[in-house]
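Following: one structure in structure tokens, then a few remarks.
Please treat every number below as a calculation from the coordinates, not as lab data. Because the structure is predicted, anything quoted here is derived from the model rather than measured. In this analysis, Cβ positions are derived from the backbone assuming ideal geometry, glycine residues included, and neighbour counts consider all displayed protein chains.
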Amino acid sequence: MDFREVLEYYSRSEVGRDIAEYCANRWVAIEGVGEDGCRVFIRYGGDGRPLTIRGCSGVVDVLRRYGGLKPRTIYASVNLYSSLQSLEDINTSSRIMYTSPIWDVDGSVENWKSIIEVSRLIVDFIEGEGVEKSLFLKWSGRGIHVHIHEKAFSKDLLDKYNPLDIAYSIVEYTLRRLRGRILDIASKTKSTSRPLKAENEIDLKRVFTAPLSIHREVDLCCVCFKPNEIDSFDIEWAKPNILRHNPAWRSYVEGEGDSIAEKALSEVGGYPGWVEAKGVRTVVAEPTEKPKTAGIGRFEVMALLQAARYYLLTGDIEKAKSFGLNRAIFYAWAKKHLKAKPPPKTVVDGVKTYIGDREGIEYVGDEGAYISKNGYFKIGDEEQKPIDYDRQVARRISLTVPYEKAWEAALEYLRGIPKTILLSQQKFFSRVYEPVRDSFIEIVGKREKQKTLF
């Protein structure tokens, strides 16, 4: 589909209506393609505020606003917020009103029947836990997202627990119970470039494809259907010219999810990725266990500065976290322990992605790093995801200084660095990282005490 056809599709009243209603109070993202063919993921408006969609007309408006990138896919956050006016809102736990429990069943189009089989397992388990009317599924383009409606939980439960804790725990609890059976189906599924898997992708800033959005690569739409339609589902439903879509994704019964939520929270303990910072509480899965001594080292400083470097060059905070952790692991351990070889040397004026037959490489200036099919950076077969950065870097920094302050200081520090240095692997290491690698966190701590900037 060309961009004209994409706009025509999103201009349909039924499409705009469902997308706008689903995206209301959610943090939105759109994906397009840059001039050099790179994927471009936009999550913030020109004013720096989190991207949102308001009303049916807002769907086409946001696509036209970034028409130069030819966007085709609309995503929306797992969280619904009471306010989305600033970065502080998306980083403040009390702003989260609801969170959607979503299971991500991923694979390839040719194995869609196996994806259905795994999704059926999840649906049967959830229904066995008493959740029926609040359950729906979405064909995401190359997989299925199984949803429990975010309002399926009582006010009493939501007053007691943060919605993100509830959603993360339910998804994790279910996958733990079904892991063996899911792996059995996956092992019997013909191997492709996209292996069959079911994952817990619930994260503070995670987005999933919005209902009726077009997939970023294949010309299929994100159609919704209810559990009683799962056995009759056919991938033909997702074709834009057919579009068999059930608007009953809106249906829910308040309190229907309370029982499974209580069980899951008791076993899992909530979302593990909270960062201790101003306005954001820290969640400890084991309240009786004392946190380890901070001892911030060069690894955390490297990850922080590399993440800030990537963010300033691209504006993509999620991939910035992945890049920061990837580079920290690479410099600290990869050569010795993982025996990972660096990508071939290439020089680009900015950030550019090359997708080969087997794997992709993204270059930040002359520094290359391998990327996964999901778009995150990787070493070997292991992805470095944003949630991994939160756990391994942000949380550890926050034991010494508020992570938000460290992040602000890193951005302020790098804004004074010429772009030519940010795009040079050797110069960034020697002129940016080395001078502060043993003192950066201490500098942040002193700055916080004095309430001054660099």
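A compact table of results
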{"item": "Coordinate range along principal axes, alpha carbons of segment 61-200, Å, largest first", "result": "47, 46, 24"}
{"item": "Anchor LYS197: aspartates and glutamates whose Cα lies under 18 Å away (excluding residues fewer than 8 positions away in-chain)", "result": "ASP104, ASP106, GLU110, GLU117, ASP124, GLU172, ASP184, ASP381, GLU382, GLU383"}
{"item": "Angstrom value of the Kirkwood radius, inverse mean 1/r, which spans all Cα pairs in segment 3-268", "result": "18.8 Å"}
{"item": "For the chain: span of alpha carbons on each principal axis (Å, largest first)", "result": "62, 52, 45"}
{"item": "Residue (of SER100, TYR433, VAL78) at the positive-pole extreme of the chain, dipole from beta-carbon charges", "result": "TYR433"}
{"item": "Distance histogram for segment 1-135 (every C-alpha pair counted, 10 angstrom bins, percent rounded to whole numbers)", "result": "11, 31, 34, 21, 3"}
{"item": "Cα-based helix-to-principal-axis angle, 112-128 vs the chain, degrees rounded to 10", "result": "80 degrees"}
{"item": "Packing-based exposure ordering (other Cβ within 10 Å, fewest first) of ASP61, ASP156", "result": "ASP156, ASP61"}
{"item": "Folded to 0 to 90 degrees: helix 163-188 orientation relative to the chain principal axis, Cα", "result": "70 degrees"}
{"item": "Per-residue HN-Hα couplings for segment 59-74 [Karplus 6.51, -1.76, 1.60; θ = phi - 60°; Hz; x = Gly/Pro]", "result": "5, 5, 4, 5, 5, 5, 4, 10, x, x, 8, 6, x, 9, 10, 10"}
{"item": "Counted charge near CYS56, where neighbours are those whose Cβ lies closer than 12 Å (Asp, Glu -1; Lys, Arg +1)", "result": "-1"}
{"item": "For THR73, residues with placed amide H under 5 Å, excluding near neighbours", "result": "GLU31"}
{"item": "Entries of LYS155/LYS378; LYS263/LYS319; LYS226/LYS321; LYS321/LYS352 with Cα pairs more than 29 Å apart", "result": "LYS155/LYS378; LYS263/LYS319; LYS226/LYS321"}
{"item": "Net charge, LEU265 excluded, C-beta distance under 12 Å - Lys, Arg +1, Asp, Glu -1", "result": "-3"}
{"item": "HN-Hα J in Hz across segment 408-416 - Karplus 6.51, -1.76, 1.60, θ = phi - 60°, x for Gly and Pro", "result": "4, 5, 5, 5, 4, 4, 6, 5, x"}
{"item": "The chain - percent relative contact order, Cα under 8 Å, separation 6 or more", "result": "13 percent"}
